[in-house]
């Protein structure tokens, strides 16, 4: 699948994560992560984001993630919502 | 912990006393020309706010008595989501020096700052480095075609609204004395002539010169984002013009001159506009810090009056088309005739 526009989901409030996805020119999943707990959980957070994207079979995507200590299910939900918003013209109350 | 907050987007109300008071508390002045304002209230008391002017976040404040409770994150998150929904590739914030660490923690990068205020920060999908890379590759492919040799690189930043013989004269001077001339033409669509019209006319004027390249100035040079006062003519407060001019000069030196190897910048002397005169002065003060010489060229005159685009626009307005002929090139003149016929019909 392919996304054609930029969309975001979540917030930078405590225990949340703000995910912004946009189409990338190069092939692959590029993740830029800023996190308060990057040292401890950086690779884990990226893995959760990557796995969620793979479920959608999207190949060219750039992700900006600003994490404030979100748990796995929150990261998954925010990533999914951002992708769905980027795929559809108008969906999911913003 | 705040339990009872209400968050609302409203149309800016410049007379709102509590809003103005909150801004003053954190050392900011209320601004005008805002599109939308976000208010965060705790039991009907305003505790945090932030506003948007295009893709710029301004008037950002959290009540000092309510700090360290995540209010800034709420404001920035909401404004960011709003901007992304409007397909903004990047966005800026004008902040007080004290707010910078917090904003950096929320994903912003400081571009440049002057004193305590304003500090300009940026975030988004496409940042200043990406823009400079685009310009750099344009210049590289231009050079490859023209067999350009190493030498001095000069630059001009022009609105060309519309392009006159004054512009041609400046370009001619720069072209003759430098290996390569980069003209940044303003991208902002806030002038009488559209960005596309201005660029097309300028392209025709420089068509014969094989060491002159025209590139868009984008979001970072004399744009509404970096120098709002340049476009808001009613706001002529000299001190704040000076601050924004300094900001713009530092941005040009720190990012554009350094990455593109620009050693000179040409400007025409400014007899009329207060804003441009202050701007030129600040360029002169600041650019040498980045190894760039500012070269001021005396404007050429026609019948004792300096040629300027503002003079052309004034004559257009007065419908004195015949008097414009000696001020502009043949192609521009043809276009202006066509343009004024079209606008007469409207």
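Name the single residue that is nearest to residue B:194 (Cα to Cα) among those in the range B:291-346 being over 24 Å from the mean Cα position of the chain (by Cα) and in a strand (DSSP E or B). My answer is B:306.
Table: residues versus (1) modelled with pLDDT of 95 or more; (2) in contact with a strand residue (DSSP E or B) (Cβ under 9 Å, 6 or more places away or on another chain); (3) closer than 27 Å to residue B:189 by Cα.
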| site | (1), (2), (3) |
| --- | --- |
| B:85 | no, yes, yes |
| B:89 | no, yes, yes |
| B:93 | yes, yes, yes |
| B:115 | no, no, no |
| B:122 | yes, yes, yes |
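Residue B:23 satisfies every condition listed in (1) at pLDDT 95 or above; (2) within 14 Å of another protein chain (Cβ to nearest Cβ); (3) assigned to a helix (DSSP H, G or I) except (2).
Quick check, is residue B:280 in a helix (DSSP H, G or I) and touching a helix residue (DSSP H, G or I) at 6+ places or on another chain (Cβ under 9 Å)? Quick ask: steps written out before the conclusion?
Details: in a helix (DSSP H, G or I): yes; touching a helix residue (DSSP H, G or I) at 6+ places or on another chain (Cβ under 9 Å): yes.
When the stated conditions are applied, residue B:280 passes them.
Scanning the range A:1-54 for residues that are surrounded by 15 or more Cβ atoms within 10 Å (Cβ to Cβ), within 14 Å of chain B (Cβ to nearest Cβ) and part of a helix (DSSP H, G or I) yields a total of 0. Cβ-Cβ distances below 6 Å connect the following pairs, each with a first residue in the range B:3-32 that is farther than 16 Å from residue B:44 by Cβ, a second residue that is in a loop (DSSP other than H, G, I, E, B), and a separation of six or more residues or different chains: B:12/B:34; B:20/B:30; B:23/B:30; B:27/B:96. Among the residues of the range B:225-255, those identified as within 14 Å of the chain's Cα centre (by Cα) and within 28 Å of residue B:175 (Cα to Cα) are B:226, B:227, B:230, B:245, B:246, B:247, B:248, B:249, B:250, B:251, B:252.
Selection of the range B:84-103 for residues being touching a residue at least 12 places away in the same chain (Cβ under 8 Å) and facing chain A (nearest Cβ under 8 Å) yields only B:89.
From the set of residues in the range B:259-275 that are under 25 Å from residue B:291 (Cβ atoms) and without any contact (Cβ under 8 Å) to a residue 40 or more places away in the chain, which is surrounded by the most Cβ atoms within 10 Å (Cβ to Cβ)? Steps first, please.
We begin by selecting, within the range B:259-275, every residue under 25 Å from residue B:291 (Cβ atoms); these are B:259-270.
Subset that is without any contact (Cβ under 8 Å) to a residue 40 or more places away in the chain: B:269-270.
Values: B:269: 12, B:270: 18.
This residue is B:270.
Identification of strands (runs of 3 or more DSSP E) wholly contained in the range B:104-180 with 3 or more residues that are within 14 Å of another protein chain (Cβ to nearest Cβ) yields B:119-124.
Every test in (1) surrounded by fewer than 20 Cβ atoms within 10 Å (Cβ to Cβ); (2) part of a helix (DSSP H, G or I) is passed by residue B:232 save one, and that test is (2).
Among the residues of the range A:59-75, at least one is modelled with pLDDT under 95, part of a loop (DSSP other than H, G, I, E, B), away from chain B (no Cβ under 14 Å) and at negative phi. Here residue B:27 passes the criteria (1) surrounded by fewer than 19 Cβ atoms within 10 Å (Cβ to Cβ); (2) touching a strand residue (DSSP E or B) at 6+ places or on another chain (Cβ under 6 Å); (3) within 26 Å of residue B:123 (Cα to Cα) except the one numbered (2). Going through the range B:130-146 one residue at a time, which ones are within 28 Å of residue A:8 (Cβ to Cβ) and without any contact (Cβ under 8 Å) to a residue 60 or more places away in the chain? The answer is B:130, B:133, B:134.
Yes or no, residue by residue, for (1) surrounded by 19 or more Cβ atoms within 10 Å (Cβ to Cβ); (2) touching a residue at least 12 places away in the same chain (Cβ under 8 Å):
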residue: B:257; (1), (2): yes, yes
residue: B:289; (1), (2): no, yes
residue: B:302; (1), (2): no, yes
residue: B:322; (1), (2): no, no
residue: B:327; (1), (2): yes, yes
residue: B:332; (1), (2): yes, yes
residue: B:338; (1), (2): no, no
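Matching residues to (1) in contact with a strand residue (DSSP E or B) (Cβ under 7 Å, 6 or more places away or on another chain); (2) surrounded by fewer than 21 Cβ atoms within 10 Å (Cβ to Cβ); (3) over 29 Å from residue B:337 (Cβ atoms):
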position	(1), (2), (3)
B:187	yes, yes, no
B:190	no, yes, no
B:208	no, yes, no
B:217	yes, no, no
B:244	no, no, yes
B:254	yes, yes, yes
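The values are calculated or read from the model by the stated rules, or taken from the named source; none is laboratory data. Because the structure is predicted, anything quoted here is derived from the model rather than measured. Neighbour counts are summed over all protein chains in view; Cβ atoms, including those assigned to glycine, are modelled from backbone coordinates with ideal geometry.
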